[in-house]
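Inspection log for the structure reproduced underneath, given as structure tokens.
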Amino acid sequence: MRRAVFPGSFNPVHMGHLDIIKRAVRVFDEVVVAVYENPPGKQIIFDTHERVALLEEAVKDIPHVVVASYRGLTVDYVTAVDAFILIRGMRVFSDFEFEFRMALANQRLAPHIEMINFITGEQFIHISSSTVREIAMLGGDVSTMVPPHVNRALRERFAQLQAEDGI
Ligand code: PNS
């Protein structure tokens, strides 16, 4: 069985991620969508459990997808789940440098692991989790960028934060 791992912060999952997952399941027998538990320097608005739950709901109709979470090095996780393929999405040229550096670092750490990048559909290239968070935090409409349940969760979370902190 050809298993691939799609790691990321999924903070939160958006339509661009789902596009990559749908492309990947056409190529691989199983795609493990792996939520990185504690990405450094990121404003985490949903904890690991919530990010996993939002992803599970988002992929429930896509066959051959498993959602999990992990910590530590991504290449160690890929090896632990008996895979050797790591997939990532690529939107615009500015993604390239980050993805290239990460691929080289992972290659150095684990030469047996292959990193494969899928190009995001052009209707999704403007979407990133940070854009979604910023727009949602400012009360903007992200309904075309995220699945409906994520939109609801964002509204609830920012309403809650606003009530707590007056943001
Ligand atoms: O969705 P993101 O934030 O772009 O995902 C980045 C992620 C989590 C895949 C990347 O930061 C990562 O692999 N972190 C785990 C630590 C690691 O393995 N670092 C070495 C490769 S840069």
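General observations
- In the condition set (1) farther than 21 Å from residue 61 by Cβ; (2) in contact with a helix residue (DSSP H, G or I) (Cβ under 6 Å, 6 or more places away or on another chain), residue 134 is compliant with all but (2).
- Elements of type helices (runs of 4 or more DSSP H) in segment 1-117, at least 1 residues being of a type in the set (D, E, K, R), within 11 Å of the ligand (Cβ to nearest atom) and crowded, with 16+ Cβ neighbours inside 10 Å: 48-58, 93-109
- Considering only residues in segment 130-150 that are in a helix (DSSP H, G or I) and open to solvent by less than 20 Å² (accessible area, probe 1.4 Å), the one that is farthest from residue 9 (Cα to Cα) turns out to be 136.
The values are calculated or read from the model by the stated rules, or taken from the named source; none is laboratory data. All values reported here derive from a predicted model rather than from experimental measurement. As a convention, Cβ positions derive from the backbone with ideal geometry for all residues, glycine included, and neighbour counts pool all protein chains shown. Ligands, DNA and RNA are stripped out before the accessible areas are found, and what is left, the full protein with its side chains, is counted by its heavy atoms. Shrake-Rupley method; radii C 1.70, N 1.55, O 1.52, S 1.80 Å.
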